[in-house]
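Read-outs: derived from the displayed coordinates by stated rules, not from any lab. Everything quoted here is computed from the prediction, not taken from an experiment. When we count neighbours, we look across all protein chains shown, and the Cβ atoms used for this are built from the backbone with ideal geometry, even at glycine.
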Amino acid sequence: MRWLALACLAASAAAADPARTVDVEAAQHGGGWRFDVALRHDDTGWDDYADGWRVELPDGTVLGTRELLHPHVDEQPFTRALTDISIPPDARLVVIRARTSVEGWGDDVSRVSLQ
């Protein structure tokens, strides 16, 4: 029985397919910030695709979320923007976290220094 549990754990780890942030551009835009985020994910269609990303403070406070409403099977990587993000004046760093329709919010983040 123990080998079966180990095999199931190995299979689920091998099936892990998080969306990855491959590029981020951040710039002040009007009274807020604009983020252009490029993601890569092995979208297979409606059953498994990158369906969002968000801007967070390092403590996990969510500043804005970009919903992705359809798969990007033939467009990899792909870039989408989010504007009018209000960032506290003392913040010098934000993180970008991606989400997939199967795995939810990923553990890996991309750190973005704000100048």
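In a Gaussian network model over the chain where Cα atoms closer than 10 Å are linked, find which of THR21, THR44, THR79 has the largest mean-square fluctuation. Maximum fluctuation in the GNM of the chain, among the listed residues, is at THR44. In the elastic network of the chain, a GNM with C-alpha springs shorter than 10 Å, the most mobile of VAL22, VAL95, VAL55 is VAL22. Relative contact order of segment 18-113: 34 percent, from C-alpha pairs under 8 Å at least 6 residues apart in sequence. Measure nothing but the geometry: give the 0 to 90° angle between the long axis through the Cα atoms of 2-15 and the longest principal axis through the Cα atoms of the chain, rounded to 10°. So the helix axis and the longest Cα principal axis differ by about 40 degrees.
The C-alpha radius of gyration of segment 7-115, expressed as a fraction of 2.2 N^0.38 Å, stands at 1.12.
Restricting the chymotrypsin sites (Phe, Trp or Tyr not before Pro) of segment 33-88 to loop positions (DSSP other than H, G, I, E, B) with no more than 16 neighbouring Cβ atoms within 10 Å leaves TRP46. Each label was represented as a point 7 Å from its Cα along the Cα-to-Cβ direction; for GLU25 and ASP108 these points are 2.3 nm apart.
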